[in-house]
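Below is one structure, written out as structure tokens; the observations come after it.
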Amino acid sequence: MTALPSPSKKKLGLVIDLDTCVGCHACAVACKEWNDGGQFGPLPDSEPYGAEPHGVWFNRVHTYEITGDGRRETGDVAEPSENTLSSSISRASSPVQTVHFPRSCLHCETPDCVTVCPTGASYKRAEDGIVLVDEDKCIGCQLCAWACPYGAREISLERPHKQPDGRPDKRGTMQKCTLCVDRIYNETLDESDRQPACVMACPTRARYFGDLGDPDSAISQLVSQRGGYALMPEFGYKPVNKYLPPRPRRDGSSMPASSTQEETLDPAQLPPLLRWLDRVLTR
Amino acid sequence: MKPALSVIFFTVLSGAGFGLWAWLGGALALGVYPPGRGNVLAPLAIGFVFATTGLLSSTLHLGRPSRAWRAFSQWNSSWLSREGLASVATYLPMCAVAGLARGSNLFVPTRIAGAILLICALLTLVCTARIYTSLKPIAAWRDARVLPLYLLFGAWSGGLWLWAYLAFDPGILAMPFALALLAIASIVSGLKLSYWKNIDGLRAPDAGYATGLGHLGNVRALEGPSTEESYLTREMAFVLARKHAHKLRGIALILFFVLPALLLIAALMWPAAQRPCAGIAAVSCTAGLSVERWLFFAQAKHAVAGYFR
């Protein structure tokens with residue numbers, strides 16, 4: 001049913017650390033790899049090695065450049081926490097900064113992608129809040145993708161290269177992040193492996209998986225310590241996934257003095273040997 | 001948004017079809033419709049062709065058209081589902097009117113069936129508009145004018161097609177009908193102009209807003225997530241031909257308003273010229289609305305495009 005379930009106590013989701021992410025795309029590749037072969041696969045590409053490869057990815061990594069002063073003096077509500085800052089580091093003149101930004105389904109608490117679905121294919125699980133698409137019911141009207149401001153959903157118009165075991169043809173149905181629901185509850189996997197593929201793959205540990213509905217869980221604690229925020233909260237979808245803001249960079253004033261500045265040296269402060277050297281060399 | 005031809009045909013043609021049925025049902029209910037069985041069956045059939053072609057065209061937009069029947073199930077939350085149900089439900093009073101129409105067309109069951117046809121047709125038009133107005137990430141479609149525009153465009157184009165049929169029996173164009181059509185045309189054109197003016201002032205979401213990093217500075221997309229186009233960039237970050245938007249708006253306005261309205265006035269002044277005037281007006285309006293609908297998609301910006309700026 002496309003009616004949203006009553007809010008679940010358990011809210012499984014991801015927390016992504018924009019400070020640590022190096023933009024290596026390992027999460028995106030691991031996601032594609034797992035889900036191509038997993039319960040929700042295959043995820044075929046058209047012309048994967050051709051001139052214009054095209055296909056569905058559940059997870060995509062953007063890279064942004066941040067310049068200028070921004071609006072940080074105005075006391076924005078979305079101000080990241082500054083408890084890790086020393087007073088000599090301010091963002092008043094932060095240099096150019098690069099931020100890598102993985103983007104996937106946020107498993108929102110009240111998403112319209114579920115309610116606009118005319119068939120009941122798009123649904124939110126009552127037990128843990130994961131948003132999924134029922135492959136067998138989806139008619140590919142794409143209304144759910146239009147209703148999502150986060151770009152979480154992509155339609156698969158590609159036909160799998162082969163369908164060996166009579167799997168249904170995936171062509172024409174909506175695809176999205178499953179939070180690796182076929183991994184996290186998979187008892188055939190080692191317990192340490194029951195995490196989403198993207199989290200397992202991240203080489204810098206920029207991705208965390210856990211229950212964001214439990215305020216005492218490790219990732220809820222992380223979110224509150226680091227000032228984790230939700231994307232575009234104005235839409236009212238209440239994203240479960242959170243992003244940790246990049247830590248502020250050192251400002252220009254604490255950088256080594258530039259060559260144009262006169263350097264001052266007080267010889268009286270130097271140890272005797274260097275004081276002698278200084279005297280010899282300045283002669 | 002990428003304008004899909006299937007959806008443009010759907011909204012324009014089914015709008016005209018359901019609009020025509022609404023006029024016919026309303027006139028029958030009020031007992032002001034001309035007598036004769038053929039006078040009811042012919043416009044019903046014209047409406048049937050438009051509505052059915054439009055609805056079938058909409059299934060071409062689906063990735064899995066063979067499963068379209070599943071769309072009737074989620075009427076309690078989805079406007080697309082409601083639109084499907086309302087449109088199919090409208091065929092019931094349509095069949096009733098077709099079966100009951102005879103003689104003077106003042107037969108009470110005919111008038112009741114006409115009233116139900118009017119209500120169902122208008123509900124279908126409302127549901128069609130709500131499919132679009134319910135999508136929060138597309139600010140241009142959240143505009144309060146979108147819903148009345150869909151209703152009035154349906155009434156205007158459907159009314160012109162009804163007139164195009166009635167014109168074949170010269171002298172049948174009743175003054176109140178013509179004046180009502182002209183009033184609707186003026187209101188709908190004024191509304192559309194004000195809608196266009198308003199969406200020009202909408203601020204497109206940028207990367208700073210989309211990433212929530214705007215407070216750190218000026219955020220610019222340095223590198224996209226893929227080297228090639230993706231579904232998102234093709235479907236939601238569609239920018240093609242926005243540069244011709246102003247010319248296309250002029251063309252649309254001339255085709256859907258100026259020309260049909262002038263032809264309507266001309267037909268009132270020279271009743272002998274009614275037949276060609278009515279035919280050209282109906283065709284021109286439908287063509288103009290196709291351009292208008294193309295712009296409705298092409299000029300609507302989706303919030304997800306912010307991630308790609």
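So, A:Glu65, is that one at negative phi, more than 11 Å from the chain's Cα centre (by Cα) and not in a loop (DSSP other than H, G, I, E, B) or not? The answer is yes for A:Glu65.
Which ranges mark the helices (runs of 4 or more DSSP H) fully within region A:178-283 that have 2 or more residues being modelled with pLDDT of 90 or more? Don't jump to the end; show me each part of the working.
Working: elements: A:181-184, A:197-201, A:218-226, A:272-282.
Ranges flagged: A:181-184, A:197-201, A:218-226.
Residues of region A:266-283 that are of a type in the set (A, V, I, L, M) and surrounded by 10 or more Cβ atoms within 10 Å (Cβ to Cβ): A:Leu270, A:Leu274, A:Leu277.
Residues B:Leu160, B:Leu122: which one is crowded, with 24+ Cβ neighbours inside 10 Å, touching a residue at least 60 places away in the same chain (Cβ under 8 Å) and under 16 Å from the mean Cα position of the chain (by Cα)?
B:Leu160
Looking at B:Arg64, is it basic (Lys, Arg) and farther than 30 Å from A:Gly151 by Cα? Taking the combined requirement at face value, the residue does not satisfy it. Output the number of the condition that B:Ala89 fails; it satisfies all remaining conditions of (1) surrounded by fewer than 18 Cβ atoms within 10 Å (Cβ to Cβ); (2) within 11 Å of chain A (Cβ to nearest Cβ). Exception for B:Ala89: condition (2).
Looking at B:Lys192, B:Lys197, just one residue is crowded, with 18+ Cβ neighbours inside 10 Å and either at the interface with another protein chain (Cβ under 8 Å from one of its Cβ atoms) or under 29 Å from B:Val146 (Cβ atoms) (or both), and that residue is B:Lys192. Evaluating B:Pro176 against the criteria (1) at pLDDT 95 or above; (2) surrounded by fewer than 18 Cβ atoms within 10 Å (Cβ to Cβ); (3) assigned to a helix (DSSP H, G or I) leaves one unmet condition, (1).
Residues that are more than 8 Å from chain B (Cβ to nearest Cβ), at pLDDT 80 or above and more than 30 Å from B:Arg67 (Cα to Cα): does region A:56-64 have at least one?
Checking region A:56-64: not a single residue is more than 8 Å from chain B (Cβ to nearest Cβ), at pLDDT 80 or above and more than 30 Å from B:Arg67 (Cα to Cα).
Every residue, every condition in (1) more than 24 Å from the chain's Cα centre (by Cα); (2) free of Cβ contacts under 8 Å to residues at least 40 places away in the same chain, yes or no:
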{"site": "B:Ala261", "(1), (2)": "no, no"}
{"site": "B:Ala266", "(1), (2)": "yes, yes"}
{"site": "B:Ala272", "(1), (2)": "yes, no"}
{"site": "B:Ala278", "(1), (2)": "no, no"}
{"site": "B:Ala287", "(1), (2)": "no, yes"}
{"site": "B:Ser290", "(1), (2)": "no, no"}
{"site": "B:Ala298", "(1), (2)": "no, no"}
{"site": "B:Arg309", "(1), (2)": "yes, no"}
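Taking region B:218-309 and the helices (runs of 4 or more DSSP H) fully enclosed by it, the elements with 3 or more residues that are within 14 Å of another protein chain (Cβ to nearest Cβ) and crowded, with 19+ Cβ neighbours inside 10 Å are at B:231-235. Residues in region A:92-111 that are farther than 22 Å from A:Trp57 by Cβ and facing another protein chain (nearest Cβ under 9 Å): A:Ser94, A:Val96, A:Gln97. All of B:Val40, B:Val97, B:Val32, B:Val49 fail the test of being surrounded by fewer than 20 Cβ atoms within 10 Å (Cβ to Cβ), more than 9 Å from every other protein chain (Cβ to nearest Cβ) and in a helix (DSSP H, G or I), apart from B:Val49.
For region B:1-26, the set of residues classified as over 12 Å from the mean Cα position of the chain (by Cα) and surrounded by fewer than 22 Cβ atoms within 10 Å (Cβ to Cβ) consists of B:Lys2, B:Pro3, B:Ala4, B:Leu5, B:Ser6, B:Gly26, listed by residue number.
Please find, within region A:24-53, the residue that is nearest to A:Tyr208 (Cα to Cα) out of those that are surrounded by fewer than 18 Cβ atoms within 10 Å (Cβ to Cβ) and facing chain B (nearest Cβ under 8 Å). It comes out as A:Pro53.
The single condition from (1) more than 13 Å from every other protein chain (Cβ to nearest Cβ); (2) crowded, with 18+ Cβ neighbours inside 10 Å that B:Ser77 fails is (1). Restricting A:Asp136, A:Asp128 to those that are more than 8 Å from chain B (Cβ to nearest Cβ) and more than 24 Å from the chain's Cα centre (by Cα) reduces the list to A:Asp136.
The values are calculated or read from the model by the stated rules, or taken from the named source; none is laboratory data. Everything numeric here is computed off the predicted structure, so don't read it as measured data. With ideal geometry, Cβ positions are generated from the backbone for all residues, glycine too; neighbour counts draw on all protein chains shown.
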